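FYI, it's all coordinate maths here, none of it is from the lab. What you see is a predicted model; the values in this text were computed from it and never measured. A quick note on method: Cβ atoms are made from the backbone with ideal geometry, for glycine too, and the neighbour counts reach across all protein chains shown.
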């Protein structure tokens, strides 16, 4: 029987090749995800060894929540004076993109790419992990250095002067004093790494007299434990910790690995979706090929083969296909990993040179997944083939027996219900870890997909008839036959369409959720923003409060306030808190106060809560609440007012003075401003331009402009996700092409007859292509239906201020469905061509 | 014998003609001469049978006459059109518009109803069938009550009658039938042959039928015998006995 297995594979090479391809793609991406992350983990491990090698101890601030409060600069000298310490250096690090150099052509380095980071310079390679390559270290005000690769690729020349965009505004004509290298090979992943002097860093980042951390090198032969004990005497008892090199190294590695894991897991997720899609394609291929071999099975049975032997022959074929596909997928995966590295390079994020690591785990997983998926898909067809009666050998037109539609319906709707129930549960009370959320929702989605696939043959015939109506009307006989062919085998149409359904349902879920989020923001902006200008810091580093003060000083504005954000502990729970000028809030945002009034500018011991927070805490206007800050300070604030949950702000708000007193966030994330009465937007424009020039890192928008920009940023995020999901759709299209090729083969005699009685080649091709389009359309509509269900679930589960009611982007989804149908047309190009080229006489006499 | 004279058309128009036709397969030593210098004419309004043993070339001759296969030498003329000069597409259109077919089995498209199968060639051409003629054909075939049925719901004999109706429906110049009764029991086969004969005599159609069954051949007006790719006999007004005699002579 083994020989038979191989003969069959040989006889159906072309058809199995398509199936193999589907598995290869899925396995390939699984392998690529592991090869890439293993390689990166290894080189990042080396890199963090190198970075931390020179630091024996580090003293740094800690906090349970919020931003840790930086250390007092005087600690550095106190620690340096301790016996056994050779060197102690204080560092300041700016937030990502806090400082952006302006190139000689007047543009900044693309901020969407890898980060731009600025550190205070330490003249010690061991502690600082940087070495000078050219020029000198930055020492004075308005001096900086840059890593050599970033300088070269962006055309920065040592000795020349450039403008620097910083939180305190533009620093003009800063001198590039030198270029540096990070570690031994300057593996920056495309990041732009810059230095300024410690004093300059404190000035630019608004942290005078403080450092973010103190790096320490010990004398040789020093008892580290004794030194740590000494340091403990010097540092404050609260909010400061001492860590050793091993801890630093482990943290650094974990930090790197987190990024690697995200990339790896995202890739893995899409690979698994692709493999899931290929199950449908493999199932279809085996069903159709075995259907064409019913007489052969009958003959084998008549000659004495028992059902188990037949089943084994078929599963043997599946095993061989799975094995071959997995092995090719393994190789392809290594190639895909290399391709992705090249892609990252092209996007400007050059990954470090990584070894290609194909671990045993990767190989085992690739083979298990590839073979497993193929075997599972072939199980049902194998069982059907094994149940062929010996008499089938003698009958013309015998077909494979199938599970009864009733049973399919029962199993399908059960799976569908389980999927919906589990998914609903997962969305309503999500498990604590992200992994579990993904697993629960993934299981629910898979159950829904399988359930819909099992149930959909019931509707496949009427639906494809309905969809085919215009085709039959408009395309003549070829169109009518395309419609008949698409509905003649509902199970095949359903399974083929189901493969496409998966990709499309995920894409439309993403679109629906995106649209709902967008429209929610639109509603919020419309109902709660009265400010004429929203000034948003694009760098996320925050902008100096001077910006808001500058605006207010012009006298052209009725109200201006900056908004600062920090994490605090309120009534025992860690929560975000906003600091703003509450007295001018009324002219900028409508908070829809539910009780109380907004306090005057000189009242600083108050807090404004949104209603559900106030209810949770059981407090009302006039009650006092306790707020703890990262610095360890606490404030006792009186509730001045409560505001509706349904507004653009979603956190407790306090006057700015409260943050200043507690040493909380000192920069504004955004600023709102309203023009004074009688000042027109045109009159204010020169002023706005001036601010924009002084602070190039901010965007100054009207509410409508802000909404546009926000929507554009959501759209670009959606594009990335959808591009990855396109893989699943491509595999489904391969499945459509495969099914059509098999159907064409199966209908050879019919095609011969049609050609004999006068169907032209063009009509034949058109018939096959439109059948594919109808199958694709069926799958696409199923996908949109499931996508609506998923989208509705996700939107309902999201917080109300994030995505309110379900919003369906009808135009985009219609376009998506149209594109899917068109893709079906294109996918069937080859099978259609083959059908057109059939030799009429051979086709008629085909058995 | 009065019957014979009444159904003969007044003038003997030629519906199809093969002139010095060769059809060779393969090259050199493995060359097979399927047709070897065939000269034959088929009169319009006649029912002609082509007979011969397996491998005699009778099916090949029919395929070549019908524009389903290309010949090596010579020419084939259907109603004034030389098939050898036609492109693949022109041949397809010729089959669609001017020729009708009845095959041994698998004559109908399973997804179309009986009526849709009957009008298929005209639908492909995008022309409306002549309703009067269509009604005549359908009532003659006796399938008026089964027009909406799919082929799967019809018996073998009914399916073949639908196939003949399709061949007739577009009023082609010529109908080719390849062993049309080969898969039928004798009663259905007799009905079918009787129907074909009536189509020729009462509706003035032209049918060329390939068969190996002497009884089937006896329904025709003329039997052409082939052996080894050549025409070896030509029999007018056949009866089963005359056909059997001719076959015996061939065997000698």
- Query: If we count other beta carbons within 10 Å of each Cβ, what is the order of A:515, B:202, fewest first?
  - Reply: B:202, A:515
- Item | Ellipticity estimate at 222 nm from DSSP helix runs (n ≥ 4, -39,500 (n - 2.57)) divided over chain A, nearest 500 | -19500 deg cm²/dmol
- Query: Roughly how crowded by other chains is peptide B:92-101, in terms of the mean Cβ count from those chains within 10 Å of each of its Cβ atoms?
  - Reply: 4
- For the protein assembly as shown, taking Cα atoms only, what is the radius of gyration to one decimal and the Dmax to the nearest whole Å? 41.4, 139
- Message: Just want to confirm a number: the relative contact order over chain B, from Cα pairs under 8 angstrom separated by 6+ residues, in percent.
- Response: 26 percent
- Note on the structure: Heads up, the range A:751-790 by the C-alpha gyration tensor (a ≥ b ≥ c square roots of eigenvalues; a/c under 1.5 rounded, else a/b over b/c prolate, else oblate) looks prolate
- Task: For a footprinting-style exposure proxy, rank A:461, A:251 by other Cβ within 10 Å, fewest first.
- Result: A:251, A:461
- Task: Compute the Cα gyration tensor for the range A:402-517, then decide on rounded, prolate or oblate, letting a ≥ b ≥ c be the square roots of its eigenvalues: rounded whenever a/c is under 1.5, prolate when a/b is larger than b/c in the other cases, and oblate in all that remain.
- Result: oblate
- Task: Mind checking the full-extension length gain between residue A:309 and residue A:818? Use 0.36 nm per residue of separation minus the Cα-Cα distance, one decimal, nm.
- Result: 178.7 nm
- Note on the structure: Per the rule of 0.36 nm per residue minus the C-alpha distance, extending residue A:409 to residue A:219 adds in nm 60.7 nm
- Using the alpha-carbon centroid of each, what span in Å lies between the range A:724-747 and the range A:173-232? 57 Å
- Query: Zone of residue A:558 (label point 7 Å along Cα→Cβ, backbone N under 19 Å): which residues in the range A:642-682?
  - Reply: A:671-682
- Distance in nm between label sites at residue A:826 and residue A:125, each 7 Å beyond Cα in the beta-carbon direction? 5.4 nm
- Message: For chain A, take the longest principal axis of its alpha carbons; what is the angle in degrees between that and the long axis of helix A:224-234, to the nearest 10 within 0 to 90?
- Response: 50 degrees
- Task: Neighbouring Cβ atoms within 10 Å as the yardstick, rank B:101, A:802 fewest first.
- Result: A:802, B:101
- Mind running the shape call on the range A:533-701? Use the C-alpha gyration tensor, a ≥ b ≥ c as the square roots of the eigenvalues: rounded below 1.5 for a/c, prolate if a/b tops b/c, oblate otherwise. prolate
- For an R0 of 25 angstrom, estimate the FRET efficiency from the Cβ-Cβ distance between residue B:132 and residue B:234 and round to the nearest 0.05. 0.10
- Taking the alpha-carbon centre of each part, the distance from the range B:159-208 to the range A:606-648 in Å is 94 Å
- DSSP beta bridge pairing in the range A:533-701, given as percent antiparallel to the nearest 5: 80 percent
- Note on the structure: For the range B:2-251, percent of DSSP beta bridges that are antiparallel (nearest 5) comes out at 60 percent
- Item | Sites residue A:172 and residue A:343 - FRET efficiency at Förster radius 30 Å, r taken between beta-carbons, to 0.05 | 0.20
- Item | Two-site FRET efficiency, residue A:690 against residue A:232, from Cβ-Cβ distance with R₀ of 45 Å, rounded to 0.05 | 0.30
- Query: What percent do you get for the relative contact order of chain A when only Cα pairs under 8 Å and 6+ apart count?
  - Reply: 16 percent
- Message: Can you order the peptides A:654-660, A:138-144, A:734-740 by their average number of other Cβ atoms within 10 Å per residue, highest first?
- Response: A:734-740, A:654-660, A:138-144
- Separation between Cα centres of the range A:465-517 and the range A:317-349, rounded to whole Å: 31 Å
- Note on the structure: In degrees, nearest 10, the alpha-carbon axis of helix A:810-827 is tilted away from the dominant principal axis of the alpha carbons of chain A by 40 degrees
- Message: Can you tell me the length gained on complete extension of the stretch residue A:157 to residue A:81, counting 0.36 nm per residue apart and subtracting the Cα distance?
- Response: 23.4 nm
- Message: Taking every DSSP beta bridge with both residues inside chain A, roughly what % is antiparallel (nearest 5)?
- Response: 80 percent
- Note on the structure: Placing each pseudo-label 7 Å from Cα in the direction of the beta carbon, residue A:391 and residue A:421 end up separated by a distance in nanometres of 4.2 nm
- Where labels lie 7 Å past Cα in the beta-carbon direction, separation of residue A:469 and residue B:244 in nm: 6.1 nm
